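Worksheet: the structure to be examined is printed underneath.
Each value in this text was obtained by applying a stated rule to the coordinates, not by laboratory testing. A quick note: this is a predicted structure, and the numbers were derived from the prediction, not measured. When we count neighbours, we look across all protein chains shown, and the Cβ atoms used for this are built from the backbone with ideal geometry, even at glycine.
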Amino acid sequence: MDFKLRDRNIAKKALDAIRSIGQDIMVMHVCGTHQDTLVRYGIEPMLKDVGVSIRQGPGCPVCVTTGREIEAAIELARNGKVIASFGDMVKVPGREETLASVRSSGGDVRIVYSPEDVVKMARDETDKEFVFLGIGFETTAPTTSALLLDDSIPENVSIMSYHRTVPPALEFIANAGEIKLDGLIEPGHVSMVIGEEPYRFLSDDFNIPQVIAGFEPLDLIMGCLEIAKQKAEGRGELINIYERVVKPEGNVAALNAMKETFVPIDIQWRGFPVIPGSGLGISREFQDKDSTRRFEDELEEVWNLDIPEPAGCRCGEVLRGLIEPMDCPLFGKGCAPNTPIGPCMVSREGSCNILHRWGRDPV
Amino acid sequence: MVGDPDMCLAIPGQVVELIDDKKAMVDYGGTRREANTIYVKPKLGDWVVVHAGFALQIMDEEDAKETLKLWDEALEAFDLHQRE
C-alpha cells in the first residue's frame with residue numbers, strides 16, 4: 001500500500017506554513033521510529049530552518065532500562081538461566097559486562113522476535129529455566145500480557161517485566177520544566193494501544209499542544225505545523241493525525257489484557273529519578289510467573305547495587321531532551337554503533353545510534 | 001524489518017491467510033510471517049500493524065488516502081489565508 005505521505009509539494013507547503021507562523025519552538029517526541037524518520041529523510045534540519053527544534057526525549061525502551069535491571073538479567077544468566085530478549089538489550093552494559101559478553105563466556109542468552117518464541121523453546125528444552133525480558137512501552141506490553149494470560153505456558157518460563165508507560169514520563173518532564181516544552185508529538189504505536197485519553201491531561205493541565213502522529217515524513221511535518229499553529233494562538237490541545245491507525249479508544253482488548261496482568265509501579269528510568277506509576281509490575285495473581293519473585297533470593301543483592309553510567313556518556317541528558325547527541329564529546333569519537341559506550345548508541349531506537357547511522361547521509 | 005524486532009515497525013503488513021482464530025499469515029512486501037491475532041480480528045486482505053509477533057491494529061486504507069487529500073486542502077486554505 002502506497003500512502004504517498006512523502007509528497008514533496010505538500011511537505012514544502014507545510015514547511016512554508018510553519019515558517020510564516022514565525023514561532024521558535026521546541027518539540028519533543030518519544031519514539032525511535034519518529035527519530036528515524038526525522039533523521040533518515042533529513043527532516044530535522046528542514047524543521048530547524050523554519051524555527052522548530054525537535055528532540056527524542058526518553059522514547060527508547062532499551063535506553064531507559066537501568067543498569068541495575070540489566071545487571072539483574074546478567075546475574076540470572078550467570079546462574080544458568082536462559083535469558084530471552086529482544087535484540088539490542090543484550091549489548092547494553094550492566095556493571096561490567098553485557099548479556100552478549102556473558103553469552104560469549106558460556107551463558108545462554110537468546111534473541112527472540114516475540115514472547116511466543118520463548119514458549120516454543122521452553123517446551124523443547126524442559127531441563128532449562130527460561131526468563132523472558134519484557135521490554136518496551138505500551139506497544140509491546142500487551143504481548144507480554146498474552147504470555148502471562150496463557151495458561152498453557154510451561155512451568156520453566158518466567159517473565160521479568162521491564163515495561164514502562166509513556167504518559168507518566170511525559171508528566172514528569174512537563175513538571176520538571178528542564179526544557180522549554182512547546183509541544184509533544186505522541187508516539188503512533190503506543191497510541192494505537194492506549195488511544196487518545198491518557199495524554200489529554202497534558203493539554204488540560206499544562207496547556208501543551210499535542211499531536212498523535214504516524215511515521216511518514218509528512219506525518220511529522222504536519223504534526224509540527226499543528227503545534228506551531230496552536231502555540232501561536234496560545235492553545236494546547238490534543239490532535240490525532242494518525243487516525244488511519246490510532247482509534248480514540250486505542251485497542252481495548254490489549255488494554256484489558258494489560259490491566260489484568262500488570263499494576264503500575266514506581267520505577268527509575270535511565271537519566272531520570274524514580275517516576276511515580278511509570279512501570280508495569282506483574283500483578284500478584286500472576287506472581288508465579290514473575291522472575292523477580294521466582295528468583296527473589298538470587299536477585300536481592302543486585303537491586304541494591306549502585307551502577308554508575310559509563311564514563312563520559314551523556315545518554316541520560318539526551319533522554320531528558322537537554323542535549324543533542326552531537327553535544328556529547330564521545331559521539332563519533334570512540335562511541336559509534338559498532339563500539340557503543342552508552343545505550344543511546346547501542347539501541348537502534350536511540351538518538352545517538354540513529355544520528356550516527358543516517359545523519360551524515362540522509363535519504 | 002522483520003529481522004529488526006526492536007524498532008517500532010512502521011510498515012504495515014497485509015493479511016494473506018487466516019490460519020485460525022488466533023493466527024494469521026502476514027505478508028510484508030514479500031516476507032511472510034505468522035502473527036498472533038488475539039487483540040484484533042483482521043479479515044483477509046486487511047493491512048495490520050504488528051509488534052513482537054502480535055497484530056495490534058488494522059490500518060484503514062481509505063483513511064490513509066483521505067489523509068493526504070485533507071492535508072493538501074488544509075494547506076491550500078492556509079496558503080490563501082496567509083495571502084489575504
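Before moving on, here are some points about what is shown:
- Positive-end residue of A:SER203, A:VAL119, A:PRO337, charge dipole of chain A with Cβ unit charges: A:PRO337
- Degrees, to the nearest 10: A:217-232 long Cα axis against longest axis of chain A: 60
- At the listed q of 0.06, 0.08, 0.09, 0.12 Å⁻¹, the Debye profile of the protein assembly as shown, built from one uniform point per Cα, gives log10 I(q)/I(0) equal to -0.24, -0.44, -0.56, -1.01.
- Measuring against 21 Å, Cα to Cα, the residue pairs A:LYS247/B:LYS41; A:LYS13/A:LYS48; A:LYS81/A:LYS289; A:LYS12/A:LYS48; A:LYS289/B:LYS41; A:LYS180/A:LYS229 contain A:LYS289/B:LYS41 as the ones spanning a longer distance.
- A straight Cα-to-Cα reach below 12 Å connects A:LYS231 with the aspartates and glutamates A:ASP24, A:ASP182, residues fewer than 8 places away in its own chain not being considered.
- Nearest-ten-degree value, helix A:252-261 long axis tilted from longest Cα axis of chain A: 40
- Under the Karplus curve 6.51 cos²θ - 1.76 cosθ + 1.60, θ = phi - 60°, whole-Hz ³J(HN,Hα) for segment A:35-47, x wherever Gly or Pro sits: 4, 4, 4, 4, 8, 4, 9, x, 7, 3, x, 4, 5
- Hits among aspartates and glutamates - C-alpha to C-alpha of A:LYS91 under 18 Å, sequence gap 8 or more where chains match: A:GLU69, A:GLU71, A:GLU75, A:ASP108, A:GLU309, A:GLU349, B:ASP4, B:ASP6
- Only Lys, Arg (+1) and Asp, Glu (-1) charged, at Cβ; segment A:106-196 dipole about Cα centre in debye: 180
- Each Lys and Arg Cβ is given +1 and each Asp and Glu Cβ -1; about its Cα centre, the protein assembly as shown then shows a dipole of about 1040 debye.
- Each Cα pair of segment A:210-289 feeds into the Kirkwood radius, which the Stokes-Einstein equation turns, at 20 °C and 1.002 mPa s, into a diffusion coefficient of 136 µm²/s.
- Once the convex hull of all Cα atoms in segment A:89-201 is built, its volume per residue stands at 142 Å³.
- Placing unit charges on each Cβ (+1 for Lys and Arg, -1 for Asp and Glu) gives segment A:229-338 a dipole about its Cα centre, and among A:PRO273, A:ALA311, A:ALA253 the Cα reaching farthest toward its positive end belongs to A:ALA253.
- The long axis of helix A:115-124 is offset from the longest Cα principal axis of chain A by roughly 20 degrees.
- Computed over segment A:315-357, the P(r) tail beyond 17 angstrom holds 13 percent of alpha carbon pairs.
- With all pairs of different C-alpha atoms in the average, the Kirkwood value for the hydrodynamic radius of segment B:12-83 is 13.6 Å.
- Signed unit charges on C-beta, dipole axis of segment B:12-83, positive-most listed residue B:VAL49, B:ILE19, B:LEU75: B:ILE19
- Net charge dipole size for segment A:39-89 [Lys, Arg +1 and Asp, Glu -1 on Cβ; Debye, nearest 20]: 20
- Lone cysteines, chain A (no partner Cβ under 4.7 Å): A:CYS31, A:CYS224, A:CYS313, A:CYS328, A:CYS335
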